Amino acid sequence: MPPAIERRYLAAPKVEGGQLVGLAAPYDRITNIGEFRERIAPRAFARTLASGRDVLALADHDSTSVLGRTGSGTLILRETSKGLEYALSLPATTTGNDLREL
């Protein structure tokens, strides 16, 4: 059985120098997803980031619409005191251009 996939959306990202940047997962904030409640603890991503696993950035959670990936350097993830930050180099595709504009 394949591993579970964590799915999230991003709130208030910014475009800086052709990159989409923001906070993907803030720490110590209660999030309500339907009847499910979640609080992400500091350093929650440390082991995964240290593993070097290839993490994908997807448009609308669609695995056929890859925007970037850590393995190619088009997605950079790092833990800070606020949470998991990201910098995504948007591709020059229809989806990438739409995200840049929106």
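Which label marks the calculated value of P(r) over Cα pairs in 5 Å bins from 0, in percent, given the options [x] 3, 13, 26, 24, 17, 11, 5, 1, 0; [y] 2, 13, 21, 22, 18, 14, 7, 2, 1; [z] 2, 11, 20, 26, 20, 14, 6, 1, 0? Only one option fits the structure, namely [z]. By the Kirkwood approach, averaging reciprocal distances over each pair of separate Cα atoms, the stretch 56-102 gets a hydrodynamic radius of 11.3 Å.
Residues of the stretch 81-102 with backbone nitrogen within less than 17 Å of a virtual label 7 Å along the Cα-to-Cβ line of residue 49, please, listed as ranges. In the stretch 81-102, the label zone of residue 49 (backbone N under 17 Å from the point 7 Å along Cα→Cβ) covers 81-89. Within the chain, the longest segment free of exposed loop sites, counting GluC sites (Glu not before Pro) that fall outside DSSP classes H, G, I, E and B and have at most 15 other Cβ atoms within 10 Å, spans 36-102. Accessible surface calculations at 1.4 Å, restricted to protein heavy atoms, place the chain at 73 Å² per residue. Note on the chain: with charges restricted to the Cβ of Lys and Arg (+1) and Asp and Glu (-1), its dipole about the Cα centre is near 380 debye. For residue 55, the residues whose modelled amide H falls within less than 5 Å of its own, excluding neighbours fewer than 5 places apart on the same chain, are 70, 71. Of the residues 27, 73, 99, the one whose Cα sits farthest toward the positive end of the charge dipole of the chain, with +1 on the Cβ of Lys and Arg and -1 on the Cβ of Asp and Glu, is 27.
Solvent-accessible area of the chain (1.4 angstrom probe, protein heavy atoms only): carbon and sulfur portion equals 52 percent.
The values are calculated or read from the model by the stated rules, or taken from the named source; none is laboratory data. Being a predicted model, the structure only gives us computed values, none of them experimental. Here Cβ is always computed from backbone atoms with ideal geometry, including for glycine, and neighbour counts include all displayed protein chains. Just so you know, the surface numbers come from the protein's heavy atoms only, side chains and all, with ligands and any DNA or RNA stripped out. Shrake-Rupley method; radii C 1.70, N 1.55, O 1.52, S 1.80 Å.
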